[in-house]
1. In whole Å, what three semi-axes, largest first, describe the equivalent ellipsoid of the chain built from its Cα gyration tensor (square root of 5 times each eigenvalue)?
2. Taking Cα pairs under 8 Å and at least six residues apart, what relative contact order does region 228-298 come out at, in percent?
3. Cut-off 10 angstrom, C-alpha nodes, Gaussian network model of the chain. Which of Gln25, Gln45, Gln216 fluctuates the most?
4. Suppose the Debye formula is applied to equal point scatterers at every Cα of region 1-141; what is log10 I(q)/I(0) at q = 0.12, 0.22 Å⁻¹?
5. Between beta-carbons, use under 13 Å as the cut-off and find the net charge around Lys114, counting Lys and Arg +1, Asp and Glu -1.
6. For region 62-220, what percent of Cα pairs sit more than 21 Å apart?
7. Given H placed 1.01 Å from N in the peptide plane, which residues other than close sequence neighbours of Leu32 have an amide H under 5 Å from its amide H?
8. Collect residues whose amide H, placed 1.01 Å from N in the peptide plane, falls under 5 Å from the amide H of Tyr26; neighbours closer than 5 in sequence don't count.
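Each value in this text was obtained by applying a stated rule to the coordinates, not by laboratory testing. Everything quoted here is computed from the prediction, not taken from an experiment. Every residue, glycine as well, gets a Cβ built from its backbone with ideal geometry; the counts of neighbours run over all protein chains shown.
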Amino acid sequence: MAEYYDPETYPKEWNYLQSGTNIDQYIIERELAHGGFSSVYLARQSKDQVQVIVKEYLPRMLAHRTWNNMIVANSDETEPLFRRGRALFLEEAKALARLKHPNIVEVINFFKAKSTVYMVMTYDYGLTLDKILSDKTLPISEDIFLAIFNSLLAGIGHLHQHQFVHLDIKPANILVRPGFDALLLDFGAIQTYPKVQMNKQTNVLTQGFSPIEQYQSDTQLGPWTDIYSVGASMRACLDLKAPFSAPERHEQDKLIPAVKVFKNKFPESLLSAIDWAMELLPENRPRSVAELQQALLK
């Protein structure tokens with residue numbers, strides 16, 4: 001029986017795996033990131049010392065790590081949600097393992113251990129797009145812009161062909177590798193489509209990048225949902241900040257079209273494509289990645 005968990009009584013270092021910890025056939029080197037549902041680590045394989053990325057299911061609102069690295073529910077009340085989330089995390093790993101594409105992060109293994117689930121991915125060199133934009137060290141020219149987003153759209157198109165939508169595309173989840181080749185990361189919100197209702201337990205919302213239909217429970221999701229997020233990510237490359245959120249735009253749309261703000265700085269066809277992808281209503285956007293790609297290449 002799970003007991004009530006008081007986070008104030010547990011050491012902070014228990015929130016993540018310590019350097020040198022062995023999990024299955026992997027040795028943890030250091031934590032890279034953590035969110036509400038998982039932690040991400042740089043690790044190496046015990047056998048050949050090859051570096052990999054290990055993602056651990058740990059929803060901190062529902063569960064916690066014990067002294068021996070077991071992941072347990074915070075209470076009897078959170079146990080069912082923790083178990084359901086764990087099952088969904090495993091399904092994410094299985095889905096990604098089947099989605100082999102150069103512009104989608106590659107899952108090479110997944111396994112159960114310590115009462116949770118781990119996903120192992122290849123380690124790629126690069127910088128996330130949000131880091132590039134925040135540092136302002138790389139001017140986003142037309143050529144760089146098209147290289148990043150055409151490669152990204154190739155991966156998203158492959159995802160959609162397999163009847164999946166990502167639902168969390170944003171600069172933080174786009175790794176830019178040498179040659180400005182994009183790699184799509186973090187599939188924690190992935191769902192199949194057509195699907196009428198959002199799963200509220202796994203609904204991920206990012207202000208400025210999630211379209212209006214992700215805030216609603218009765219609107220159909222599809223490729224057009226991811227396309228809005230791509231458009232918002234493209235617009236962020238121009239503004240160097242996140243656009244207004246979809247609910248703000250729905251109440252009063254203060255977003256000035258890119259064709260007006262950046263006239264004479266980028267080709268009109270490119271700016272029009274961004275505005276098209278960011279149409280507030282789903283029916284007004286491109287219905288497929290192919291439509292957006294064609295608009296970008298005019």
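1. In descending order the semi-axes read 35, 22, 17 Å.
2. Numbers: 62 pairs, mean separation 24.1, N = 71.
The normalised contact order for region 228-298 reaches 34 percent.
3. Among Gln25, Gln45, Gln216, the largest mean-square fluctuation in the Gaussian network model of the chain belongs to Gln25.
4. Scattering profile of region 1-141, log10 relative to I(0): -0.55, -1.38.
5. Residues near Lys114 contribute +1 overall.
6. Details: 6861 of 12561 pairs.
Here the tail beyond 21 Å accounts for 55 percent of pairs.
7. Val40, Tyr41, Leu42
8. Hits under the 5 Å cutoff: Ser46.
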